[in-house]
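Worksheet: one structure, shown below.
The values are calculated or read from the model by the stated rules, or taken from the named source; none is laboratory data. Quick caveat, the model's predicted, so the values are computed rather than measured. Counting neighbours? That spans all protein chains shown, and the Cβs are built from the backbone with ideal geometry, glycine included. These area figures cover heavy atoms from the full protein model, side chains too; ligands, DNA and RNA do not enter into them. Shrake-Rupley method; radii C 1.70, N 1.55, O 1.52, S 1.80 Å.
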2 protein chains.
Amino acid sequence: MDFEKENSAGYLVNHMARLFAKELQHHIAPLGIVVGQFPVLLELWLKDGVTQKDLLAKIDVEQATLANTLNRMERDGLIKRTKNPADARAQLIWLTEKARALRESSYEAAQAVNTKALQVLSVSERTQFTDSMRRVIEGLRSG
Amino acid sequence: MDFEKENSAGYLVNHMARLFAKELQHHIAPLGIVVGQFPVLLELWLKDGVTQKDLLAKIDVEQATLANTLNRMERDGLIKRTKNPADARAQLIWLTEKARALRESSYEAAQAVNTKALQVLSVSERTQFTDSMRRVIEGLRSG
DNA sequence: TATTATTGCATAGCTTGCTATTCAAGTGTA
DNA sequence: TACACTTGAATAGCAAGCTATGCAATAATA
């Protein structure tokens, strides 16, 4: 058989993801946050005072990955945790003021990265591209 | 500002890359290799007896990342290194027979993952999709 | 109600990626 | 030829992902 990496979707996806992450890293480093914290912050900016399990239902990472990320976020002063009156196993996760203040500039950073990355595509191609990604993700997730 | 992660190229790219990697991992685990070794093997199957620098020119990862991956591959009996008569700093990297034997089944595994992932797209969409990825990668790499 | 099962998280240990730094070997030059 | 510069690779240290496992609190049941 023959194999051309430049024609392999998986190879390209991996490469592209690393470039996106690097680009985002550069944009958000000045804000004092790192890429892995981004998905968590996105959810908490919408609604905080939630449990780890609640977050897990919204972010497709393993529970252990999220637990470690939350620990680093607490260490970095981005979140605080309080007792959950309803269940002593779970705690409630809250944004700190510091994290709350980063919302707008973080959105702008992410948009800037997306804009820069997609500028090589026409407007219709961009729509088609993100649509394809959503479908591929859905397909892989559902087995 | 508002931010919809399901519309964010970066968010989707990251998610998709993790799903691809997980899928490939499942396919190649029986072969005794792991995902990070894949790009290195692809190059060495084409041509071995090369230096780390040669590999680096073909794979877009940092030098330190490659050095660590090569160490694990040596540990796992996939490569051997010999003295480079032309330069004592660099060694020549060779596939072991074990690694050489994995070529066809690895290609098949990768193709299977790509096929499965892209099955939700029409044939013309697949072409368009990989083409867009190549252009996005090129755009991000060239600044 | 005592026991068992489930659930929510934490921890251990690994890979793969990054940046920054170090070091030895090779190259160029005063 | 000695010194400085460059280059090829290794190492340290961290983040972010994974699987596997453990543990305490809660829920379900005999």
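Some observations on this one:
- Each other residue within a Cβ distance under 14 Å of B:Asp2 adds +1 if Lys or Arg and -1 if Asp or Glu, for a net charge of -2.
- Averaged over the residues of peptide A:115-125, the number of Cβ atoms from other protein chains lying within 10 Å of each residue's Cβ is 4.
- Taken residue by residue and averaged, Cβ atoms of other chains lying within 10 Å of the Cβ of B:98-106 number 1.
- Additional length obtainable on full extension of the chain from A:Gln91 to A:Tyr107, 0.36 nm per residue less Cα span: 3.1 nm
- Nitroxide proxy distance, nm - points 7 Å out along Cα→Cβ at A:Lys58 and B:Thr65: 2.9 nm
- Residues in the stretch B:36-100 average 57 Å² of solvent-accessible surface per residue, probe 1.4 Å, ligands and nucleic acids excluded.
- Length-normalised contact order for chain B - Cα pairs under 8 Å, 6+ apart - percent: 22 percent
- Label point 7 Å beyond Cα along the C-beta direction, distances from A:Met1 to other copies (nm, shortest first): 4.3
- Across the stretch B:36-100, C-alpha contacts under 8 Å between residues 6 or more apart give a mean separation that, scaled by the residue count, equals a relative contact order of 38 percent.
- Area projected by the alpha carbon convex hull of chain B, averaged over all directions, nm²: 11.2 nm²
- Nearest-to-axis residue of chain A, judged by beta-carbon position, where the axis maps A onto B, in Å: A:Ala17, 2
- Estimated D of the protein assembly as shown in µm² per second, where Rh is the Kirkwood radius over Cα pairs and Stokes-Einstein applies at 25 °C, 0.890 mPa s: 117 µm²/s
- Other residues within the sphere of radius under 13 Å centred on the Cβ of B:His27, judged by their own Cβ, net out at 0 (K and R +1, D and E -1).
- If the chain linking B:His26 and B:Thr127 were pulled fully straight, counting 0.36 nm for each residue of separation and taking away their Cα-Cα distance, it would gain 33.8 nm.
- Share of carbon and sulfur in the accessible heavy-atom surface of the stretch B:1-89 [1.4 Å probe, %]: 53 percent
- When accessible surface is computed with a 1.4 Å probe, chains B and A are found to bury approximately 5300 Å² between them, both chains counted.
- For the stretch B:107-141, the residues whose backbone nitrogen is under 15 Å from a point 7 Å from the Cα of A:Ser142, taken along Cα to Cβ, are B:117-122.
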